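Just below is one structure, and these are the notes that go with it.
The values are calculated or read from the model by the stated rules, or taken from the named source; none is laboratory data. Given the structure is predicted, the values throughout are model-derived calculations rather than measurements. Don't worry about glycine lacking a Cβ; one is built from the backbone with ideal geometry, like all the others, and counts go over all protein chains shown. Protein only, heavy atoms only, side chains kept; ligands, DNA and RNA dropped before computing areas. Shrake-Rupley method; radii C 1.70, N 1.55, O 1.52, S 1.80 Å.
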Amino acid sequence: MLAWMRWCTLSKSPPALARALTSMTSGSHSPPDMSEVRNKLRAIVGVSTNWSDHLQAMNERKALHTLLAKSQADLPPRRMKDSYIEVILPLGSQPELREKYLNVHNSVRFGRILEDLDSLGVLICYTHTKNEAVQRSPLSIVTALVDKIDLCKKVIYPDSDIKFTVNVSWVGKTSMEVKMHMLQLHDGVYSRVLDATFVMVARDPENKRPAFVNPIIPEGPEEEQIFKHGQLNKMRRVDFSTASLLKMAPTAEERTIIHDIFLNTLDTRTVSFRSRVLPPSSVWMEDAKLKGLEICHPQERNIFNRIFGGFLMRKAYELGWATACSYGGSRPYVVAVDDIMFQRPVEIGSLLLLSAQVCYTEKYYIQVRVHSEVYDSNTREHNTTNVFHFSFMSESEVPQIVPKTYGESMLYLDGKRHFDATLKGTKDAQNPNAIP
Ligand SMILES: CCCCCCCCCC(=O)SCCNC(=O)CCNC(=O)[C@H](O)C(C)(C)COP(=O)(O)OP(=O)(O)OC[C@H]1O[C@@H](n2cnc3c(N)ncnc32)[C@H](O)[C@@H]1OP(=O)(O)O
């Protein structure tokens with residue numbers, strides 16, 4: 001069964017926590033809209049509106065060091081509902097907003113949604129850590145990881161209101177897991193579009209060292225389950241990274257897969273290890289990539305004067321989409337996003353090099369990996385900042401991607417691991433045109 005169908009079946013209605021919280025927050029006040037989210041963030045951190053004032057604004061933040069907790073035990077615990085918020089993206093009721101969100105297929109640009117999710121994730125962490133006694137937060141909250149985004153709708157409509165519901169679901173010492181749900185209004189009812197899990201990390205006012213965050217206390221069995229799941233997620237991430245192909249050899253089963261692909265590409269006439277032939281309905285991996293360059297202008301800065309994580313995601317997503325589009329030859333739909341790790345911040349003025357590669361395919365599915373790095377023209381050094389993983393579905397079956405070198409084979413296996421982790425149980429792809 002398809003990913004979104006599986007997800008929708010499992011979660012037809014919002015979890016009880018969200019239901020309870022929705023009823024708590026649905027009083028006479030209407031929820032804030034997305035434009036207020038960034039303004040709120042600016043007010044919480046105290047940033048400059050003009051780029052020329054950014055050094056002074058950062059200097060002012062230094063004074064906030066005294067407000068940092070010495071240990072986590074000094075901070076009052078919070079409940080999940082303390083951070084819960086609903087935010088409206090009024091695409092239906094404010095038509096002037098649509099242009100920014102519209103793509104050529106008359107649906108919503110998913111890259112714009114990634115930006116909104118990132119801003120919301122940060123805002124919610126500030127709500128969780130809010131100290132009513134102070135006006136400005138001493139914390140710099142940054143996105144460390146987009147753990148997973150599962151989509152259950154093929155199209156996001158550009159002329160209907162969207163609602164986000166967000167809360168902190170798990171807390172470590174300096175990190176927070178955030179759960180976000182996006183719903184869209186149809187015939188007077190909000191129905192699910194996507195589920196997202198992000199991990200945010202709190203740093204000191206200058207974004208140099210980690211800083212403690214308020215613990216969280218789950219209330220009732222359902223919240224305990226959500227919290228336990230957050231703990232398991234952390235362990236799963238550690239296991240996944242320990243087994244990385246950059247650190248460990250592939251498993252026996254994976255080695256067999258690669259050897260079979262190798263044998264399948266040998267030229268039977270020459271019987272040589274070096275002479276390789278592309279099987280029918282296949283594409284060499286080296287012929288399935290696209291590259292891009294971004295100059296990181298101040299306009300894309302976040303509240304800490306680095307490049308906004310949502311902007312990086314949008315750019316990587318759009319390059320990934322273009323790669324899947326040219327590979328499959330038809331319009332691809334994003335099905336899942338997982339394990340986007342923000343390894344290091346991107347400075348304003350950086351040259352950001354993006355490289356997208358189709359790394360795994362199966363029937364209608366195309367798994368794309370986008371690698372981003374900054375290039376320092378003074379030192380001539382390249383440093384990886386992010387690796388993004390996107391799963392797309394094409395309208396028709398796609399050619400098989402074939403690795404030629406050992407390095408490409410590792411990319412293929414890594415892509416397969418991500419594909420299996422995100423789309424497990426959905427691989428017997430049905431006709432994608434039947435998806436809602
Ligand atoms: C103008 C209005 C704009 C409004 C938008 C505002 C949005 C602002 C949000 C952003 O745009 S942030 C920009 C994108 N993100 C970055 O630039 C972050 C770049 N990466 C880093 O700076 C570091 O890699 C990071 C701070 C994330 C982690 O640094 P370290 O690897 O030194 O972490 P450390 O070992 O000190 O661990 C600190 C915590 O992070 C956790 N952690 C680190 N990497 C992680 C990871 N990859 N996944 C999950 N958790 C992670 C780690 O487990 C630990 O949790 P606990 O303290 O709770 O145990």
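Using helices alone, I'd like the mean residue ellipticity at 222 nm for the chain: each DSSP H run of four-plus residues gives -39500 (n - 2.57), total over residue count, nearest 500. Each step should come with its number before you reach the end.
Working: 11 runs with 140 residues, N = 436.
Dividing the helical sum by the residues of the chain leaves -10000 deg cm²/dmol.
Whole Å is fine, so just give me how far the alpha carbon centre of region 335-398 lies from that of region 205-239.
Using only Cα atoms to place each centre, the spacing works out to 27 Å.
Residues of region 385-413 with the amide nitrogen closer than 18 Å to a label point 7 Å from the Cα of Ala249, along Cα-to-Cβ, please.
Output list for this probe position: 406-411, 413.
Find the relative contact order for region 103-213 and round it to a whole percent, using C-alpha pairs within less than 8 Å whose residues are 6+ positions apart.
Details: 203 pairs, mean separation 33.4, N = 111.
After rounding, I find 30 percent.
Between Phe240 and Lys62, what FRET efficiency comes out of the Förster formula 1/(1 + (r/R0)^6) with R0 = 45 Å and r the beta carbon distance, rounded to 0.05?
Given R0 = 45 Å and the Cβ-Cβ separation, E is 0.75.
Here are some pairs, Lys100/Lys234; Lys154/Lys234; Lys148/Lys315; which of them have Cα atoms lying more than 25 Å apart in this structure? Walk me through the numbers before you get to the answer.
Working: Lys100/Lys234 35 Å; Lys154/Lys234 29 Å; Lys148/Lys315 18 Å.
Check vs 25 Å cut-off fails for Lys100/Lys234; Lys154/Lys234.
Would you please name the chymotrypsin sites (Phe, Trp or Tyr not before Pro) within region 230-320 that are DSSP coil residues with at most 11 other C-beta atoms within 10 Å of their C-beta?
Phe273
Which whole-number percent is the relative contact order of region 3-218 (Cα, under 8 Å, 6+ apart)?
The value is 27 percent.
Measure off 7 Å from each Cα along the Cα-to-Cβ vector at Trp284 and His259, then give the distance between these two points in nanometres to one decimal.
Output for this residue pair reads 2.5 nm.
Please give the length that would be gained between Val277 and Cys325 if that part of the chain were fully extended, namely 0.36 nm times their separation in residues minus their C-alpha to C-alpha distance (nm, one decimal).
Extra length available between Val277 and Cys325 comes to 14.8 nm.
Trypsin sites (Lys or Arg not before Pro), restricted to region 324-415: which are DSSP loop and have at most 11 other Cβ atoms within 10 Å?
Arg380
Could you name the lysines in cross-link range of Lys404, using Cα to Cα under 23 Å and dropping any fewer than eight places away on the same chain?
The reachable lysines, counting only those whose Cα sits under 23 Å from Lys404, are Lys247, Lys289, Lys291, Lys363, Lys416.
Multiply the residue gap between Glu224 and Lys363 by 0.36 nm, knock off their C-alpha separation, and tell me the result in nm, one decimal place.
46.1 nm
For Asp82 and Arg42 in the same chain, what is the full-extension length gain: residue separation times 0.36 nm, less their Cα-Cα distance, in nm?
Length difference between fully extended and current span is 12.3 nm.
Explain nothing, just the number: relative contact order of the chain, from Cα pairs under 8 Å at least 6 residues apart, as a whole percent.
17
Expressed as a whole number of Å, what is the distance separating the alpha-carbon centroids of region 277-301 and region 139-163?
Computed from Cα coordinates, the inter-centre distance equals 23 Å.
Taking all protein chains in place and a 1.4 Å probe, what share, in percent, of the accessible surface of region 253-434 do carbon and sulfur account for?
50
Between the DSSP loop rule and a limit of at most 11 other Cβ atoms within 10 Å, which trypsin sites (Lys or Arg not before Pro) in region 132-224 are left?
Taking region 132-224 and a limit of 11 other Cβ atoms within 10 Å, the loop trypsin sites (Lys or Arg not before Pro) found are Lys208.
For Val134 paired with Ile217, estimate the spin-label separation in nm (one decimal), with each label point 7 Å from Cα along the Cα-to-Cβ line.
With each label point 7 Å from Cα toward Cβ, the separation is 2.3 nm.
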